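The values are calculated or read from the model by the stated rules, or taken from the named source; none is laboratory data. Remember, predicted model here, so these are calculated numbers, not experimental data. Glycine also receives a Cβ, built like all others from the backbone with ideal geometry; neighbour counts cover every protein chain displayed. Just so you know, the surface numbers come from the protein's heavy atoms only, side chains and all, with ligands and any DNA or RNA stripped out. Shrake-Rupley method; radii C 1.70, N 1.55, O 1.52, S 1.80 Å.
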Amino acid sequence: MDQFESTYHQYYPLLWAVAMKLLADEDTVADVLQDVFEAYFSQSQKSKIRQPKSWLFRVTLNKCADNAAYNKRHTDMSALNMLEDETGNPDSKYDDRKMVQQALSQLPPKERQLAVLYSEGFSYKEMSEIMDIRFSSVGKTLSRVINKLYDILKSSGYETFER
Amino acid sequence: MKHLRDSEIQAFIDGELSPRQVNRVERHLQQCPACTARVEEQRAKIDKVFSVLNLVNNPEIKHPHLPLHHTKASVETLSVLSPNRKKWFGNIASVAAVAILVLSLTFIIRQNTLKEEMLGKQIFVRYEMEDEFDANRPITEQDYVFRVYQQ
């Protein structure tokens, strides 16, 4: 197995999960990740990429941010309210994805990215490398992001918060 | 007594403090119920937010087609990554092409035969109302039958 292939297999699922939270559409995410790995391939031909993981995630986040779906800010939480009205099972995966994306879209772009990385279990060191922020400020920013997200989800009346 | 900062609480929960910092935080928590409550509150918030964010987990992963151009290496990579898709794609495309060709040919032939059948024959289609025709009601609400006459 060559370098490219093992990198692909190692990181594709995690990249997929991160991009999915930000874009909420399978086709868009597949396109974005294709671009990412094309860029990774051509970059690795030119010079050695020292930290493939950080590189891949940084590029993925940037490409997600370039995408139109990401920039659409949902000011109204209509989908959330709809879920609430159904009294019960948001088991349809698509609704969940849309719901998460809409809640996240209330945050500023950088905070949104941080929240997604955090929820995927990245360490502070990795997050600071990927996001290009100081290690010492990760905790502070995270604390703020968690509180904001909590308030957003609470005000939207999502059912998990009622229990 | 100096209370814990939000960032310290967050990092403490996430296990991102150095052993010495952890020591300091734990000592403080033993004497400070207010900060203990803050830690618990933050922990609960993290759990709630996680429970929603991770609704998106276990997504079915869709692999993209990797580019066929560029280099030999990427072509090899493609065939390793998705051997079946590449092989099947060609077959499906050719089957689809043949199917479309056959369908359009039958359609054209049928059209022509129909035209020939119709030539030289006159067909009348007329609808005939039932006995009780009420001129005050719309025609769609009346009973009638279609009759086809051929000459």
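When residues in region A:20-29 are screened for being open to solvent by 10 Å² or more (accessible area, probe 1.4 Å) and within 9 Å of another protein chain (Cβ to nearest Cβ), 2 of them pass. When residues in region A:1-19 are screened for being at the interface with chain B (Cβ under 8 Å from one of its Cβ atoms) and at pLDDT 85 or above, 5 of them pass. Taken together, B:Ser104, B:Ser79, B:Ser94 contain a single residue that is in a helix (DSSP H, G or I) and modelled with pLDDT under 70, which is B:Ser79. Restricting the first member to region A:4-17 and to residues that are touching a residue at least 24 places away in the same chain (Cβ under 8 Å), and the second to residues that are of a type in the set (Ser, Thr, Tyr) and assigned to a helix (DSSP H, G or I), the beta-carbon pairs closer than 8 Å and six or more apart or on different chains are A:Phe4/A:Tyr40; A:Phe4/A:Ser44; A:Phe4/B:Thr77; A:Thr7/A:Tyr40; A:Tyr8/B:Thr77; A:Leu15/A:Thr60. For region B:43-59, a residue qualifies if it is open to solvent by 30 Å² or more (accessible area, probe 1.4 Å), facing chain A (nearest Cβ under 7 Å) and either touching a residue at least 12 places away in the same chain (Cβ under 8 Å) or not in a helix (DSSP H, G or I) (or both), and the qualifying residues are B:Asn57, B:Pro59. For region A:60-70, the condition of being at pLDDT 85 or above, closer than 30 Å to B:Leu17 by Cα and open to solvent by less than 50 Å² (accessible area, probe 1.4 Å) holds for at least one residue. Consider region B:19-42 and keep the residues that are within 12 Å of chain A (Cβ to nearest Cβ) and exposed (fewer than 14 other Cβ atoms within 10 Å of the Cβ). The one that is farthest from A:Met127 (Cα to Cα) is B:Glu41. Taking A:Val32 as the residue in question, decide whether it is part of a helix (DSSP H, G or I) and at the interface with chain B (Cβ under 10 Å from one of its Cβ atoms). For A:Val32, the condition - part of a helix (DSSP H, G or I) and at the interface with chain B (Cβ under 10 Å from one of its Cβ atoms) - is met.
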